[in-house]
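> My questions all concern the structure below.
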Amino acid sequence: MLTRTRESTPDAAESGRPVRVSGLSHSFGELEAIERIDFAVEPGEVVGIVGPSGCGKTTLLELLAGLRSPDTGSISVGGHTDPAGRLEGCAYMPQRDLLLPWLSAVDNAGLALRIAGASKSAARAEAGGHFERLGLSGFEGTRPGELSGGMRQRVAFLRTLMAGRPVLLLDEPFASLDAITRAEMQSWLAAVLGPDSHTVVLVTHDVEEALYLSDRVLVLTPRPARVADQIEIEGPRAGDRAAAVTSPEFAELKERALRSLAGAAR
Amino acid sequence: MSRAWRYLAPVAVIVILLGAWELAAQWDWISNALNIQDFLVPAPSDIATSLWNDRSLLADDFWVTLREVLLGFLCALAAGLAFAVILHLSDTLRRAFYPLLVASQTIPPVAIAPILIVWFGFGLGPKILLIALVCFFPVTVNTLDGLRSVDPQLITMMRTLGASRRQILTRVELPSALPFFFSGTKIAIAVAVIGAVFAEWAGAGSGLGHQILIASSNLLTARMFAAITLLSVMAILLFALVALIERRVVTWDSREVTRT
């Protein structure tokens, strides 16, 4: 009882909290989605997870976020192992931006603050304070229907950030964008995440995106998902995306990741 | 098609029909064809004359009926909204009450109006009750459909942000259901006027429905048509008012938040 109480009151001020997954398996009826996955994410680390479509990446994030309970194995997010605790320990950004069309951009971004009981003006002031950094100045009062795809994703990302959770779970955040906007958003996210920011689990089917944004990339096999390869990326995230993704070292890592994916698919 | 013609076309149709009716009535074609006395077939000009000559009588009846319609409609709005939320929040209650809700709609209001008069007398109460009964179903069913059609991913998103059940209801489900609620409301306001006529026919001392009965038994056909015209005008104005409120309230594309 005593340990339980300590577990469910984490110190929110701590910048990053590890994610630990061991022996995780999950199936939907007869369909095995995830088979014995083990991995850990260190505080402040960005871990990318790539895998073929339908390999259970989203299921994995939903399990981490406490939206599902695994069949076997254990998950710990920010020290919480129970689903309710995990739900409180992380902020989950789904594939679709899911902005509320009747709220302005700033009110969408501050939704978590309002849910936590902040007044409308306080939530607007706090969420609005980040608009310039996210390249959204001047669009505070704009409804989502009038924002571009890239801007909508940034508002959705800010909404996730404003939840104030130490762990961010990003589910293909830029999958719905065109290639040019996606590249811009990747540079932007690299800058926002910075060095000592949140602990991030980034799920994507884009190898380049994962390698560019992550400190470490896990390559998953097709369903049922297993870890086929782990690729460490040396050094800090480069500010210049174009230079970073065309360097020989990057090409080497990309080749390895693509071969792992292809090998896993066989 | 030019902009002016788009508005003129329906007006032209109405003017032509009224003109044809006027001539047919003036030249006694209709009464001859039906083999009835010519004074029983009023021309539009006779109806207009009746509207003017009986204006104080008809105005009194108009306000009586409008009051019944508004009170009954507002009762149905409040009850329908509350009932829809309750049925939405409880699966058990929804399964228990939904068939009853549909079954209640199969009972014609004209059949229950006399019972209500017998039980509650000739006052305002039974009229409000009957109008509320006919308005209740479209409001409840549409609002319930709206609450249930919210994209489940939005609910999940709210949960990950730490929202309680009540916060999900007030911040996502109720705003999402607003367009559905207004659809139900527009149907309700149109049937409310019909309900008021049935209620007044079953037993009343005033109101446009009552006026139609009185004028009919006195063979005052022009006054009957005048009362019918006013009922129609009332329904159209109330419908337009609801549509106007909807346009001011629902200012977003409602397809964005519903399951596709």
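The values are calculated or read from the model by the stated rules, or taken from the named source; none is laboratory data. From a predicted model like this one, the values you see are computed outputs, not experimental measurements. As a convention, Cβ positions derive from the backbone with ideal geometry for all residues, glycine included, and neighbour counts pool all protein chains shown.
> In the list B:129, B:133, B:144, which residue meets the criterion of being in contact with a His (Cβ under 8 Å, 6 or more places away or on another chain), in contact (Cβ under 8 Å) with a residue 12 or more places away in the chain and more than 11 Å from chain A (Cβ to nearest Cβ)?
On the way: B:129 fails: in contact with a His (Cβ under 8 Å, 6 or more places away or on another chain); B:133 fails: in contact with a His (Cβ under 8 Å, 6 or more places away or on another chain).
Just a single option satisfies the conditions, and that option is B:144.
> Now, a different point. Taking residue B:168 as the residue in question, decide whether it is assigned to a helix (DSSP H, G or I) and either within 14 Å of another protein chain (Cβ to nearest Cβ) or modelled with pLDDT of 95 or more (or both).
Working: assigned to a helix (DSSP H, G or I): yes; either within 14 Å of another protein chain (Cβ to nearest Cβ) or modelled with pLDDT of 95 or more (or both): yes.
So residue B:168 fits the description; yes.
> How many residues are facing chain A (nearest Cβ under 8 Å) and touching a strand residue (DSSP E or B) at 6+ places or on another chain (Cβ under 9 Å) if we restrict to segment B:237-260?
1
> Applying the selection to segment B:5-39, what residues are at negative phi and among the acidic types (Asp, Glu)?
Taking segment B:5-39 first, the residues at negative phi are B:5-27, B:29-34, B:36-39.
Scanning segment B:5-39 gives B:22, B:38.
> Could you grab the pairs with beta carbons closer than 6 Å, sequence gap of 6+ or different chains, first residue in segment B:14-35 and closer than 17 Å to residue B:47 by Cα, second one assigned to a helix (DSSP H, G or I) and at pLDDT 85 or above?
Between residues of segment B:14-35 that are closer than 17 Å to residue B:47 by Cα and residues that are assigned to a helix (DSSP H, G or I) and at pLDDT 85 or above, the close pairs are B:18/B:44; B:21/B:44; B:22/B:44; B:30/B:24.
> Also, I was wondering about something else. Scan segment A:161-215 residue by residue and report those that are among the charged types (D, E, K, R) and touching a Leu at 6+ places or on another chain (Cβ under 9 Å).
From segment A:161-215, those among the charged types (D, E, K, R) are A:165, A:171-172, A:178, A:182, A:184, A:196, A:206, A:208-209, A:215; that's our starting set.
If the condition is that a residue be among the charged types (D, E, K, R) and touching a Leu at 6+ places or on another chain (Cβ under 9 Å), then A:171, A:172, A:184, A:209 are the ones that fit.
> Name the residue that is nearest to residue B:83 (Cα to Cα), counting only residues in segment B:148-158 that are within 7 Å of chain A (Cβ to nearest Cβ) and of a type outside the set (S, T, N, Q). Spell out the reasoning first.
Kept after step one, since they are within 7 Å of chain A (Cβ to nearest Cβ), are these residues of segment B:148-158: B:153-154, B:156-157.
Cutting the leftovers down to of a type outside the set (S, T, N, Q) gives us B:154, B:157.
Numbers: B:154: 23, B:157: 26 Å.
Within segment B:148-158, the match that is nearest to residue B:83 (Cα to Cα) is B:154.
> Further question: Restricting segment A:110-133 to residues that are among the small types (Gly, Ala, Ser), assigned to a helix (DSSP H, G or I) and away from chain B (no Cβ under 11 Å), which is surrounded by the fewest Cβ atoms within 10 Å (Cβ to Cβ)? Break it down stepwise before answering.
Filtering segment A:110-133 down to residues among the small types (Gly, Ala, Ser) leaves A:110, A:112, A:116-119, A:121-123, A:125, A:127-129.
Narrowing the set further to residues that are assigned to a helix (DSSP H, G or I) leaves A:112, A:121-123, A:125, A:127-128.
Next, from what is left, pick out any that are away from chain B (no Cβ under 11 Å): A:121-123, A:125, A:127-128.
On the way: A:121: 8, A:122: 13, A:123: 22, A:125: 14, A:127: 26, A:128: 19.
Applying the filter and picking the extreme gives A:121.
> Quick one: count up the residues across segment A:63-107 that are within 11 Å of chain B (Cβ to nearest Cβ), under 30 Å from residue B:251 (Cα atoms) and part of a helix (DSSP H, G or I).
1
> Additional query: Checking the structure you have, find out if any residue of segment B:211-219 is touching a residue at least 24 places away in the same chain (Cβ under 8 Å) and over 18 Å from residue B:184 (Cα atoms).
Initially, segment B:211-219 is screened for residues touching a residue at least 24 places away in the same chain (Cβ under 8 Å), giving B:211, B:219.
Those left that are additionally over 18 Å from residue B:184 (Cα atoms): B:211, B:219.
So far as segment B:211-219 goes, yes, one or more of its residues are touching a residue at least 24 places away in the same chain (Cβ under 8 Å) and over 18 Å from residue B:184 (Cα atoms).
> Pairs needed: first member in segment B:237-260, free of Cβ contacts under 8 Å to residues at least 24 places away in the same chain; second member anywhere, basic (Lys, Arg) and surrounded by 11 or more Cβ atoms within 10 Å (Cβ to Cβ); C-beta distance under 7 Å; at least 6 residues apart or different chains.
Short answer, once both residue conditions are applied: B:252/A:143.
> Going through segment A:190-217 one residue at a time, which ones are in contact with a Lys or Arg (Cβ under 9 Å, 6 or more places away or on another chain), within 25 Å of residue A:77 (Cβ to Cβ) and outside any loop (DSSP other than H, G, I, E, B)? Write out each step before concluding.
Restricting attention to segment A:190-217, the residues satisfying the condition of being in contact with a Lys or Arg (Cβ under 9 Å, 6 or more places away or on another chain) are A:190-195, A:198-199, A:203-209, A:211-215.
Remaining after also requiring within 25 Å of residue A:77 (Cβ to Cβ): A:190, A:192-195, A:198-199, A:203-206, A:209, A:211-215.
The answer is A:190, A:192, A:193, A:199, A:203, A:204, A:209, A:211, A:212, A:213.
> If a residue must be over 30 Å from residue B:129 (Cα atoms) and surrounded by 13 or more Cβ atoms within 10 Å (Cβ to Cβ), how many such residues does segment B:41-79 contain? Don't jump to the end; show me each part of the working.
Kept after step one, since they are over 30 Å from residue B:129 (Cα atoms), are these residues of segment B:41-79: B:41-50, B:52-53.
Next, only the ones that are surrounded by 13 or more Cβ atoms within 10 Å (Cβ to Cβ) stay: B:41-50, B:53.
Within segment B:41-79, residues that are over 30 Å from residue B:129 (Cα atoms) and surrounded by 13 or more Cβ atoms within 10 Å (Cβ to Cβ) number 11.
> When you scan segment B:114-148, how many residues do you find that are buried (at least 18 other Cβ atoms within 10 Å of the Cβ) and not aliphatic (A, V, I, L, M)? Spell out how you get there, then give the answer.
Of segment B:114-148, the ones buried (at least 18 other Cβ atoms within 10 Å of the Cβ) are B:116-117, B:126-144, B:146-147.
Those still in the list that are not aliphatic (A, V, I, L, M) too: B:126-127, B:135-138, B:140, B:142-143, B:146.
Number satisfying all stated conditions: 10.
> Checking the structure you have, find out if any residue of segment B:92-102 is assigned by TED's automatic domain parsing to the domain that holds residue B:164 and crowded, with 19+ Cβ neighbours inside 10 Å. Can you show your working first?
Of all residues in segment B:92-102, those assigned by TED's automatic domain parsing to the domain that holds residue B:164 come to B:92-102.
Those still in the list that are crowded, with 19+ Cβ neighbours inside 10 Å too: none.
No, because not a single residue in segment B:92-102 is assigned by TED's automatic domain parsing to the domain that holds residue B:164 and crowded, with 19+ Cβ neighbours inside 10 Å.
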